Each structure stands twice: as C-alpha cells, then as structure tokens.
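Structure first, then comments.
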Amino acid sequence: MRSNLGILLSILIIGCKSSQRFPVEDFNQDSQPAVLEYYSPWVDYQSSYSRFFDLIHTKLDIEFNWEKRQVYGEATLYLSPYFYSQQYLYLDAREFDIHEVQLLGEDSVILNYENDMTGLMIDLNGLYTRNDTITLNIKYTANPYRNSGFEDRGLYFVNHDRANPGKPQQIWTQGETENNSRWFPTIESPGERCTQEIYLTVADEFKTLSNGLLVSSIVNGDGTRTDYWRMDKPHAPYLFMVAVGDFTLVRDQAQGVPLGYWVEPDYAEDAHAIFGNTGEMISFFSGRFDFPFPWQKYDQVIVRDFITGAMENTTASVFMEDLLVHKEYFADNNWDDIISHELTHQWFGNLVTCESWANVALNEAFATYGEYLWIEYKYGPDEAGFHAFTGLQDYLEEASYEQKNLVRFYFDDRESLFDNHTYAKGARILHMLRLYVGDDAFFASLSHYLRSNQFRSVEIHDLRKSFEQVTGEDLNWFFTQWFLNPGHPELKINHYHENDTLYIMVKQDQDLSRFPLYYLPVHLDLAFGDSVLRYPMEIMHEEHLFKLPLTTRADAIVVDGDCMLVGTKDHAKSGREWINQVKYMDSFRARHEGLTKILSMDTISASQVEAIGLGLDDESPRIQEMVLSYIPDKESEKLDVLKKKVIGLLKSSSSKVRGAAIIAGERMGLLSVDEWISFLEDSSYYVKGVVLDHLLRDNSDLSRKYYDSYKEDDNINIILPVGGYINSYIKTGEMEWYLKKMLTSKSPDQFFILHLLNQYLINAPILEKKMAINLLFDIATQNADFMMRLTAYQGLLIVSEIEGVEAKLSIIKSVEPDPELLEIYGQY
C-alpha cells in the first residue's frame, strides 16, 4: 500500500546549461515568458460586448404555428440605460417579421425602428438616462427556419407535419451561443441577465416546460391551454428555454428542491433509473461547493433530434434522446457523466456566467470537472482516474493538430470554442490547481468565487482573485501559463543510479518559440516494495537534473506521482520498472501506463504474461477490460497460466469485463459452443451482442436459428450483429427490415444502422435500392447531425445509377448549410 511518509530526504537540484529563457531563482509572474496568442490578421479581437442597456426583465406571450414552423409572439422588455444616456436601442431579433413596437407608459407611443433581419434598431423617441426604466412592447412573428442552418435555429419543431408516425411532435429550444434571438427579441450577450415570464399557448394534448416555476395553467376552451412560467432570479438570455410535447412528468425532490424528470410516456417507469442520482448529486455538489442549489427547482427533459448532447438551461436542462433508455440499459452503462455535467452548470455557468464567449471555459471546464468530482465521490478514485485519462487523451488528440489558449480572444467562430481544449484540458487544469493548493483551499476558493460573483458575469481573473484571496498566494504564474497560453509541457525523462545516488534528468521538449517554459511543481514517487515515498520536485528549466541520495535502488520511479500534469511524459524505463509501477503504485494512471507500455510489445514475453496477470487481478474493471483486450489469438499457449483468471472474470460484476472475458476466452480456446450459447441468458445486452457477433459469423444452421430468434430485437447491441449477418449471408430481401429499424430507432442508433444499410445497398437489387432513396434524401437534407447527412449522401452515391438520384444529390448540395460538408461532397 502507498505510504505517505513525507519528505525524508532532501533533493539537490542542479540546473544544467541550456537555452533557458529566464533564471530559475528569479521565477515569478513578471519573468514568466510572454507567449503571445497566435491569430490571423483577418480575425478580430473578440471582446466582451459593450453594455449600453441593462435588460431587467423579459415577459413573453407566445404560441406556435406547426405547419409554418413559426412563433407568434408578444415581448415586453424592461430596460435602463447602463451608464450613458441613450436614445436608440439595438435588440437582437433574427429573421423576425415585426408588426409593432410600442413604448409603454402613461402615454404609450408607437416607435419607429429599422429591421435588417439580424436585429432591430429602435428610436426611443427621446433621451433616457440610467435613472430611467423604459418598457417596450414588441409584436412579432419569428421564423426560426428562415435563412438558418441546422444548428442556429434557436427553436425547433420535431415532426411538425406528423409525417413520421414513429416520432412524437415536440418543440424545444437551444439558445447557446446566440440563437435564442431566433424566437424572442433580446440583448443576446452572455454578460446580460434578467428575470423572465413566459406565457405558452399550446394544444391541450401537450405539456410545457420553461425556466422557473409553473404559476398557472388556464384552459382556453378552444382546444388550447395557456401555461404561465415565471423565473424570478436573473439569468442570461441564452439560458431561456421552452419545451412542448407529450411528456410524462415524474417528480422527485432533494434538499427541499423540487425535481422533475420529463420523458416520453413509454419511458415513465424508467425515469428514476435514468435520472435517479440527481438528488444525491445536488446534495453532493451543494456540500462540495459550500453553496446550496441556487434555483427554485430543477427539471430535466429528454427530447428528440436535439442538436447537441445536452443544454444546461437554468432550472431546466435539455438532453438528447440517447438518454431515452429502459432499465436494462443500466446493466452496462449510466448517464451520470452528462447529468452531473449539466447539473454543475447550475452553479458554474448559470449562477456565475462567463462575461464573454472568450471566457466560456469558466462554464465548461467546471462542468466537465463536475463529472470528475461526482465519479470520484460515487464510484471511487480508479473510475475517476479513468475519466481523467480519457479526458487528457481527448485533449492531446486535438492538440496534435491545433493548440490554442484555453481563454482565447481571437477566433472567427464562437462555436469553435466548444472543443476539447475548453472542456477536457480545462477540467484537467482545474484538477492541477486543486492538487497544487490542496483540497481545503481549492473548495474554499470555489465557494468564495460563487459567493462573490453570484448572479454576475465573470472573466478568468475573477477566478484567480478568489483563489488568491483564500490562499494568500500570487497565482498569476499558474493562470498565465495554463489559461492564457497555448500548448502543454512535453517532458523527456531519463534516470540512472550511480554512487548511491539517483539522478533524474527532465527536459521540457515542447517548442519554446511557441509555447511556455513551464514551472511545474510536482511530486516524485519512489516505490521500495510496498512502501512508496514521496518527494517534491520543481521543474522549471528547459533541462533540469535532480540528484537524490539513495542507498537503495527504487523498484519503481514515477515523476508526477499524482499523474496530474496536462501534457506528455516520455520516461525511459526498463520492463521490470514498468511492471513494478503496476505492482506498487496506487494511481490508476500509473498502473494503466505501466500496463500499456508492457503490453505494447509485439511478442508474448514473460514480462507480458506477468503484466496480464497483474491486470486481470487489478481492482479496476477498466484495467481488467483493457488487459483482456490485449490477449492475442496467437502464442496462446504461453498464456495457459492465466486461464483460471480469465474464466473467473466471466462472472465479473461488470458487463464490459464479462464481454471482454468471453472474447478473450474464445482466443484462448476456453469456451465450447454450449458455453457461448449460455451467455445469451446474461442480463446485459452488451454481453448478448458479443455472443451474437460470434454466433452469426457463418451461415450454419445454428447461426440461422439465432438470426431468426433475434431478428426483431430493437436493442442496438443486437441489431448490429443481425445486420452484419444480413449483409454477409442474406444479402437481399431485407430492405423492409432496414427501413423499419431506421424508423423505429432513435437517432444515436440510426447512425450505426445507416452504415449497415449502405453496405446492404451495394449488392441489393434495383427495386430494394429504390425503396431506400427517399429515406436517404430526407436524412441528407433534414437531419441535424453532420455525420448522418454525410452517410446518407454516401448511400445515395451507391444508388446513383438509378434515375433521379443525381438530381437529388444536386438538391442536397444546394441546401447544405455546412461549408465543410459541402467541401467533402465536392470531392466525390
């Protein structure tokens, strides 16, 4: 076990000669190298929006035209000049038909305005000071589908004409970044905030959801109903939302906060399985942040065809339809990561909001780190370590072709800010900050940040000041090198023992003409058998030699023992040192790294066999699953000593481990046909899918039997091997099966089925090809997902010899709004 014995020995530091750009002893925020953010001269600096007016309150009265996909609205806005006196007001209102703009008061006045279809410039008919409050009433028709792409409509109609009998009718909104001005006029800035009222008139058959509380619901007597929602705490306009549909509301509560889980009626019994951890999450985060849940309620609604994963609208988060699952899904997975992410936003993003999109990491990095915090609390450090590892890999993959500041003021598209720098790197930087200042200081600083800035907009320096106020330490160096510079440290590490001394050479190998020379306060962990000693290290030179007196050689050496650094490490070690790292280090990342290094060797060595054995015995199902996947189908006789371990994992509590053990068992020749078939009784659809993938690999009578048995199953783990069997052995006559699966499956599953359908089309007869054309055309022209549209276009290319398809391909290109996709189309 790990032993935290403190500093037992001193470390002598030798700064090697190098091209270092500042002396170590003078390191402070002033001497931190200035690495300017790179930008193109045609990209403007993206500042926070200037505030000419303060939007105090928004009142909306809206109803919908499903056929025309329009919003009939009346907006009443209460505003005051921010500081300077104003005669003109600009409101964001995209593609609105304006019927009237009126200044309300004792003598109401019809106002003149100019409408350029991006916004309204309104002449207020007089000069107003910051001591005045003006009230405007605007009657309008909003046209969210006019001159819009798939991702910027703001308000969406699902199955508006009831053309798809397998899909419910719904309306939902998605405001971030600046798309709510597609359905109501506003000052669309993340730095703005106001209270709100929304009156929604809908058909009686539908339920409505919005921010805040439902105050009243009035039946109008004409088949419609008007619901009145009121939000009495201020929040940013991009967080306004409405949802309309045939939902079942399942109620819950946590710490006196009413909770609502809004799902389609068929999933009412599954709502608690999907969202049931929400209450515990609220209790956990309220305690961790030392700040109670800040809003009057919290609803979560799952909608169809959502254009992103989820959206954290204040008091009412919206989720993609992937979350519409039945209880058996939870034998394999859960949705805690996305649910905890959106919930964390209710503090970081909604209560305290970035003042500009350049600072959006203050929203998204915290929400992503909220996932980590929840997983660490609920599922333990190993599962949290896996989450951290995958996040770092996501960032490093993106950084391999593009490195950007976390807080960046030069960009040509604000949507481009929502990337793995902002999410994954940002979360990992917060974790580094936590480990640097310590848990008590970290969470005390977060509480200070929330309490000091509640219902306000912030920039990165507000976070820094809270940490400095709590810790008493100047942290400008940390925020400068991590938040305000691109890149990451790339460490090359070597070590050797000589004359009772351990020498460790660390080189910062990143391009120092583009990226900082980092100051990296980390820990050095040395394992002596089961005892692990920890020493502080401060890496601050381009090349740095650390010298530590040691009379006994360490069995394992880990620079950055917490595995917290956002960057790469290339540490030359022997095979035995990697195995010892697996044996003696507690950190998931250290064990995972050691196993990966050993198992990446081409041939089966004794070291690999030992490493596989260690991995199979590991307490982490993630490591067990990974190691099982490494077991090869050659030289399996060398792995005979591991057979009992693999057989034991066939009964693992983790379905992913059971599935991986079944596959490994096949490679090792451990399973008979009867044993394979027995696993079809497993409670996990993932495991059943693994088994069917094996059983349907040939065209035997046994394969046909299980094809017939599972052909009509609607779980994607079953659909995929069945579709593979159809494509390999049936080949024709199954277009109806594909069309049915596409129409009855939800969008995330449709993507995989569509790939199988394209493969089927290659050998399908002409009549069956014709049956698919309309489906593919509708997807290519109407689906919001980039990859779905691309895949459908590729499917039409397969059947392009059929009359009329070339014309449809031309239409698709003429209506496609995404320039990247158009460029791909042009390559065919």
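Points worth noting:
- Test: residue in region 151-158 that is modelled with pLDDT of 95 or more and open to solvent by 60 Å² or more (accessible area, probe 1.4 Å): no
- Filter pass, T208 being without any contact (Cβ under 8 Å) to a residue 40 or more places away in the chain and part of a strand (DSSP E or B): yes
- Listed by position, the helices (runs of 4 or more DSSP H) contained in region 332-435 that have at least 3 residues being touching a Gly at 6+ places or on another chain (Cβ under 7 Å) are 336-345, 361-379.
- Taken over region 496-537, the criterion of being closer than 23 Å to V437 by Cα, among the hydroxyl-bearing types (S, T, Y) and not in a strand (DSSP E or B) is satisfied by Y518, Y519.
- Positions within region 81-117 being open to solvent by less than 70 Å² (accessible area, probe 1.4 Å), of a type in the set (S, T, N, Q) and outside any strand (DSSP E or B), in sequence order: S85, S108
- When V522 is tested against (1) within 30 Å of the chain's Cα centre (by Cα); (2) modelled with pLDDT under 95, only condition (2) is not met.
- Qualifying positions in region 692-711 - open to solvent by less than 50 Å² (accessible area, probe 1.4 Å), touching a Phe, Trp or Tyr at 6+ places or on another chain (Cβ under 9 Å) and either outside any helix (DSSP H, G or I) or among the charged types (D, E, K, R) (or both): L696, K711
- Residue satisfying condition, being within 26 Å of R428 (Cα to Cα) and either in a strand (DSSP E or B) or open to solvent by 10 Å² or more (accessible area, probe 1.4 Å) (or both), within set V566, V558: V558
- Residue in region 788-828 that is least open to solvent (accessible area, probe 1.4 Å), counting only those that are outside any helix (DSSP H, G or I) and under 21 Å from I307 (Cβ atoms): E816
- Taking region 553-605 as the range and being under 22 Å from V506 (Cβ atoms), at pLDDT below 95 and touching a Phe, Trp or Tyr at 6+ places or on another chain (Cβ under 7 Å) as the test, only K597 passes.
- The condition (being more than 35 Å from the chain's Cα centre (by Cα), more than 19 Å from D617 (Cβ to Cβ) and of a type in the set (S, T, Y)) is satisfied by just one residue among S672, S655: S672.
For (1) under 15 Å from the mean Cα position of the chain (by Cα); (2) open to solvent by 10 Å² or more (accessible area, probe 1.4 Å), each residue gets a yes or a no:
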{"residue": "N350", "(1), (2)": "no, no"}
{"residue": "T353", "(1), (2)": "no, no"}
{"residue": "A358", "(1), (2)": "no, no"}
{"residue": "E364", "(1), (2)": "yes, no"}
{"residue": "E371", "(1), (2)": "yes, yes"}
{"residue": "E376", "(1), (2)": "no, yes"}
{"residue": "Y379", "(1), (2)": "no, yes"}
{"residue": "G391", "(1), (2)": "yes, yes"}
{"residue": "D394", "(1), (2)": "yes, yes"}
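- Hey, L249 at pLDDT 95 or above, within 26 Å of the chain's Cα centre (by Cα) and open to solvent by 20 Å² or more (accessible area, probe 1.4 Å) or not: yes
- Selection within region 215-244 - outside any strand (DSSP E or B) and either open to solvent by less than 10 Å² (accessible area, probe 1.4 Å) or touching a Lys or Arg at 6+ places or on another chain (Cβ under 8 Å) (or both): A236, P237, Y238, L239, F240, M241
- When G613 is tested against (1) in contact with a strand residue (DSSP E or B) (Cβ under 8 Å, 6 or more places away or on another chain); (2) assigned to a helix (DSSP H, G or I); (3) among the small types (G, A, S), only condition (1) is not met.
- Residues in region 712-754 that are farther than 22 Å from K327 by Cα, of a type in the set (K, R) and assigned to a helix (DSSP H, G or I): K740 only.
- Yes/no for P33 being modelled with pLDDT under 95, open to solvent by less than 40 Å² (accessible area, probe 1.4 Å) and out of contact with any strand residue (DSSP E or B) (no Cβ under 6 Å at 6 or more places or on another chain): yes
- Among the residues of region 440-465, those identified as under 15 Å from C354 (Cβ atoms) and either in a helix (DSSP H, G or I) or over 23 Å from the mean Cα position of the chain (by Cα) (or both) are Y449, L450, N453, Q454, F455, R456, I460, H461, D462, L463, R464.
The values are calculated or read from the model by the stated rules, or taken from the named source; none is laboratory data. Note that the coordinates shown come from a computational prediction; the quantities given were computed from them, not determined experimentally. With ideal geometry, Cβ positions are generated from the backbone for all residues, glycine too; neighbour counts draw on all protein chains shown. Areas reflect the complete protein model, heavy atoms only, side chains present, ligands, DNA and RNA absent. Shrake-Rupley method; radii C 1.70, N 1.55, O 1.52, S 1.80 Å.
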